[in-house]
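Inspection log for the structure reproduced underneath, given as structure tokens.
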Amino acid sequence: MDEKNLQQHYEELKQQIHFHNHRYHVLDAPLISDLEYDKLVIELRQIEAGHPDWVTPDSPTQRAGAEVSEKFEKVRHPRPILSLANAFGAEDARAWYERVRKLDDRVEKASFVVEPKIDGLSVVLHYRDGVFAQGATRGDGEIGEDITANLRTVKAIPLKIPLIPNPPPVGRGEEIRVPVYLVVRGEIFIPVKDFEKLNERLEENGEKTYLNPRNTAAGSLRQLDPSITAARPLTLLVYQVVYSEGGEVPASQWELLQWLKRLGFPVTDVAQRFENIESAIAFTVSWDKRRDELSYEADGMVIKIDDLDLAGELGFVGKDPRGAIAFKFPAREVTTKLLGIEVEVGRTGVLTPKAVLEAVEINGVIVKNATLHNFDYIAEKDIRPGDRVLVKRAGEVIPYVIGPVVDLRTGLEKPFTPPLTCPACGQPVEHFEGEVACYCVNAACPAQLVRNVEHFVSRGSMDITGLGIKIVEKLIEAGLVKDVADIYTLKREDILEAVTKKDRKTGKEPPGKIADNLLAAIDTSRGQPLNRVITALGIHGVGEVSAADLSRAFPSLDLLRAASADQLQKVDGVGPNIAEAIVDWFSRERNQKVLEKLEAAGVWPVGAAHTSPEREGLLSGMTFVVTGTLPTFSREGVKEFIESHGGKVIDSVSKKTSYLVLGEAPGSKYQKAQELGVKVIGEEELKKLGLE
Ligand code: IVH
């Protein structure tokens, strides 16, 4: 880019950032994610670094965040309400340290306090003679908005503070006098759990749900009617004294936090003090993985020089004090375009919508697809193809669409209508009462067949390596595989045909070799033990562990097929639903044919498994009952998790049940567990039990 173009780009960038500042701070309706915003600012700073002469006072780098909206009275802050410079990683944090160390060699011996960087809204609270007198938003850093009436409704804000800290500090000769005029700063936010509850309530009332806690908190605080604010689960954590008169304030951030706590302010309990920068950085980095342990959303940690006098003397750059740095965690929410909604058919016939996205990087991974949960979710959130959507990818959870950025609609986006027929076989879909999911009930549906075969050949089932999904699809398309048993009558030519079609371009091994290996793997699988064959059948609810138990109780497929629901239920871990599913599976004509063909193919093991298929793990010997919808695990997923760590999932609660895993909207099992005194845990605790 030549200089002229660069300058023009610079001006545009400034306008863009102003625009997004306004959306974020004044309208509480951002159009881009924090990550995208930060990128714009970084670019702006880079240009300014190369061209200091272009920088005018109206550059977004020269003043803090927002304009003041017209609705509220203005409040001039007694001191500028500063922001923080960002560090995106340990190297950035070290570079900050080096910069300040060069400015002042006292930094070398400095201690650091690390606190969570709460993703909320900065507020400034004034106390006169120990009484909460005024509260303001940060505004542009110089002037904020008077939101005293709204803040009074926030229960975490003390309306009165003692003029002598309570209890008084121990081991100190003289008491420091609490200032008669004290101005503190903190962050208002909505805890994640409360946010979810709020959204559920709105959903039940058929109202629009919110996208995320931060914007909801911001919107709630800037209501002209305080009763609306009062109805929102806002809370507060305080971390700074902005100004004081007629008294004393501790001169170290660490002591300040303890002191604020003694005055009755809510203060984080996660903060820690470190003797050197490296240990402070190590602690900071460790919180990236642990951020979900916090009850609120944190977008990073703040590393602060503990000595507040030293920090103050370091001064600031623009609006950012030199004495502290915000260490940002990688963003987990990003906006992108929803190109379309695809519908997939699962093994059990459930139709699930899948978001096809314009590729976007989230926390180091390129995301092109995300889950939309189910069709009700799409309707509730009013997600439309063509929308700009907010996508979240956190931890190991599959990326999901949070919701649309409605303000960016062009007006051409049409609501999505769930299909009435199966996208794979064209048969009408069915809805079962009391269930959100809709199903393709056509047992011959090719899409279900693909999933069935995929499961049949998978590692925990018949373990046929080399029969990848692409080959399976080809074989089904060619009519060579109509059910799982057809795998055993495949001929070399059939496989060759499917392989060459698939691998024409990419094949590393010659198709002949692939076909021979595959035939050998198929042949070997004939010798798989009974428990694996039972697993491979793909009966709803029968995982590896139940299959092993069943194979011990009914040591042949003949015996299993002849068992009644009552007999089946005698098996540990088999409740009425699974027993019913097994009986139902064997009663279907189509499945009976599959069994006949398997028997003819020599896949007919007799006798219980010799090797113990029960997995050893931290959950060994424990039984679990799951009720309600879990935050991230599906029903199958939680079962798999428990079983893969050696535990058992059973259907009904008894005194012997080790734990009840409780989700949202639980059934009667919850009550029963309470009656019987069975321990109740949530998904997070379950994960800890299994993994730690
Ligand atoms: S210290 C001079 N500490 O993050 C003091 N800020 O990106 C500057 N924030 O504007 C702020 N948690 O609204 C500080 N523990 C914390 C914080 C925190 C959240 C916010 C604050 C600030 C923004 C900077």
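Just so it is clear, none of the values below were taken in a lab; they were calculated from the coordinates. Treat the numbers as computed from the prediction; the structure is a model and nothing was measured. Cβ: placed from backbone, ideal geometry, glycine included. Neighbour counts: every protein chain shown.
Think of the chain as having a plus end and a minus end, set by charges on the Cβ of Lys, Arg, Asp and Glu; of Ile383, Leu550, Leu660, Leu550 sits farthest toward the positive end of this dipole.
Arg177 to His540: FRET efficiency via 1/(1 + (r/R0)^6), r the Cβ-Cβ distance, R0 60 Å, to the nearest 0.05? Plugging the Cβ-Cβ distance into 1/(1 + (r/R0)^6) gives 0.30. Between Arg290 and Glu98, the FRET efficiency from the beta-carbon distance, with R0 = 25 Å, is close to 0.40. For the stretch 331-470, the dipole from Cβ point charges (+1 on Lys and Arg, -1 on Asp and Glu) about the Cα centre works out to 380 debye, to the nearest 20. Applying 0.36 nm per residue to the separation of Asp146 and Glu509 and subtracting their alpha-carbon distance, the gain on full extension is 123.5 nm. Working note: Karplus 6.51/-1.76/1.60 with θ = phi - 60° gives the stretch 571-584 the couplings 6, 3, x, 9, x, x, 5, 5, 4, 4, 4, 5, 4, 4 Hz, where Gly and Pro are set to x.
Each of Thr216, Thr524 was scored by other Cβ atoms within 10 Å of its Cβ. Arranged with the fewest first, they read Thr524, Thr216.
Residue-wise HN-Hα couplings along the stretch 656-661, as the Karplus relation 6.51 cos²θ - 1.76 cosθ + 1.60 with θ = phi - 60° gives them from phi, are 7, 4, 6, 9, 9, 8 Hz; Gly and Pro carry x.
In degrees from 0 to 90, rounded to the nearest 10, what is the angle of the helix 589-600 Cα long axis to the longest principal axis of the chain? Between the helix axis and the principal axis of the chain, the angle is about 70 degrees. Along the axis of the charge dipole computed for the chain (Cβ charges of +1 for Lys and Arg, -1 for Asp and Glu, origin at the Cα centre), the listed residues Val649, Leu314, Ser252 are led at the positive end by Val649. Note on Lys117: lysines with a C-alpha under 16 Å away, same-chain residues under 8 apart excluded, are Lys289, Lys304, Lys328.
For Val481, nonlocal amide neighbours, meaning residues 5 or more places apart or on other chains whose placed amide H falls under 5 Å from its own, are Ile476.
Once each part is reduced to its C-alpha centroid, what is the distance from the stretch 1-18 to the stretch 419-443 in angstrom? Using only Cα atoms, the two centres lie 53 Å from each other.
Mean silhouette area of the stretch 83-223, derived from the convex hull of its C-alpha atoms and averaged over all directions, reads 12.8 nm². Does the chain come out rounded, prolate or oblate by the C-alpha gyration tensor, with a ≥ b ≥ c the root eigenvalues, rounded set by a/c under 1.5 and, if not, prolate when a/b is larger than b/c and oblate if not? Verdict is prolate for the chain.
Counting neighbouring Cβ atoms within 10 Å and putting the fewest first, the residues His455, His51 line up as His51, His455. Overall form of the stretch 506-556: prolate. Here a/c, set by the Cα gyration tensor axes a ≥ b ≥ c, is 1.5 or more, and a/b is the larger of a/b and b/c. Cβ-to-Cβ counts within 10 Å put Phe274, Phe316 in ascending order as Phe316, Phe274, the fewest first.
The charge dipole of the stretch 240-333, taken about its Cα centre with unit charges on the Cβ atoms of Lys, Arg (+1), Asp and Glu (-1) only, comes to about 240 debye. Over the stretch 337-384, all Cα pairs binned in 10 Å intervals from 0 give whole-percent P(r) values of 26, 48, 25, 2, listed from short to long.
Residues whose amide H comes within less than 5 Å of that of Gln272, counting only those at least five positions distant or on another chain, are Val114 (H built at 1.01 Å from N in the peptide plane). Summarising the label geometry, the points placed 7 Å from Cα in the beta-carbon direction at Asn205 and Glu664 lie 1.7 nm from one another. Look at where the Cα atoms of the stretch 541-571 and of the stretch 626-692 average out, and the two centres are 23 Å apart.
Peptides 417-429, 74-86 ranked from most to least packed, by the mean per-residue count of other Cβ atoms within 10 Å: 74-86, 417-429. With N counted as the residues of the stretch 642-692, its alpha-carbon radius of gyration over 2.2 N^0.38 Å works out to 1.11. Modelled label positions at Arg79 and Asp566, each set 7 Å beyond Cα in the direction of Cβ, lie 8.0 nm from each other. Converting phi to 3J(HN,Hα) with the Karplus coefficients 6.51, -1.76 and 1.60 and the offset θ = phi - 60°, the stretch 358-364 yields 5, 3, 8, 8, 10, 6, x Hz in sequence order, with x at every glycine or proline. Taking Cα centre as origin and charging only the Cβ of basic (Lys, Arg, +1) and acidic (Asp, Glu, -1) residues, the dipole magnitude of the chain rounds to 700 debye. Helical runs assigned H by DSSP (4 residues or longer) give the chain a calculated mean residue ellipticity at 222 nm of -10500 deg cm²/dmol, each run adding -39500 (n - 2.57) before division by the residue total. Annotation: cysteines of the chain without a disulfide-compatible partner (Cβ-Cβ under 4.7 angstrom) are Cys438. Taken along its three principal axes, the alpha carbon spread of the stretch 192-343 comes to 57, 38, 31 Å, from the longest extent down to the shortest. Calculated on C-alpha atoms, the gyration radius of the stretch 355-452 divided by its Kirkwood radius gives an Rg/Rh of 1.01. Classification of the stretch 618-673 by its C-alpha gyration tensor yields an oblate form. The axis ratio a/c (a ≥ b ≥ c) is 1.5 or more, and b/c is at least a/b. Axis of helix 446-457 versus longest Cα principal axis of the chain: the two differ by about 90°, to the nearest ten degrees. The residue among Thr627, Ser587, Leu568 whose Cα reaches farthest toward the positive pole of the charge dipole of the stretch 563-660, with charges on the beta-carbon of Lys, Arg, Asp and Glu, is Thr627. Each principal axis of the stretch 562-692 carries a Cα extent, and these read 48, 30, 27 Å when sorted largest first.
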